[in-house]
Amino acid sequence: MHVRMEREAFAIALKDPDLRKVRFSNYLLVAAFGFNLVLRLLNTVPQLLSGAPIALADIAWIIAFSIFLFGAAYSLTSRSWRAFQMAYLSNRNKWYQKSRAERIRTVCLLVLAALSVGVLPVFALGFVEMVRSPGQDLGTYLVGATPFAVLIVAVFVLATVIWASRKNQHGLATGNRY
């Protein structure tokens with residue numbers, strides 16, 4: 001039964017050009033996160049082996065890109081991909097049933113939510129750093145806070161990927177096709 005579902009999901013992915021683009025972009029994300037992680041490790045590991053101190057920001061970048069890589073690789077597993085395909089096809093049908101005004105409003109709210117999750121932690125951590133060590137310009141605070149903000153965003157992204165995958169898998173297991 002499981003093999004038949006995977007074959008069916010693969011056939012759907014081959015027919016739908018949007019799903020092929022999403023799958024290809026997931027592969028590109030895994031490659032980009034992996035490449036960035038390797039570059040960060042190539043920079044940090046020699047420092048570690050030579051006994052030189054490593055900046056806490058470098059460690060935060062490595063952890064953040066490890067989390068991003070895990071989330072992107074998790075989204076490519078066959079079970080989570082099948083759940084994503086079914087949810088995507090169902091949501092796409094619902095999307096086109098909405099009026100144009102509802103779609104514009106939804107896109108605006110999603111952009112606002114993405115900006116708030118991506119930008120707010122940077123400024124929040126920058127302001128915390130301003131309180132801890134006053135007397136520097138705002139750019140210095142924001143550059144110092146960026147790795148930790150990316151780490152926070154990585155945790156949110158991973159939690160979202162796993163939660164959505166589990167939710168969709170549960171829907172498929174109970175026979176709910178949305």
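Could you work out how far apart the two model spin labels at residue 119 and residue 41 are, taking each label as a point 7 Å from the Cα in the direction of the beta carbon, and quote it in nm?
3.5
Quick check on segment 38-100: what are the equivalent-ellipsoid semi-axes from the Cα gyration tensor, as sqrt(5λ), descending, whole Å? Walk me through the intermediate numbers first.
Details: eigenvalues 353, 38, 9 Å².
Semi-axes, largest first: 42, 14, 7 Å.
Only the coordinates and a few stated rules stand behind these numbers; no lab work does. Not measured: the values here are computed from a predicted model. A quick note on method: Cβ atoms are made from the backbone with ideal geometry, for glycine too, and the neighbour counts reach across all protein chains shown.
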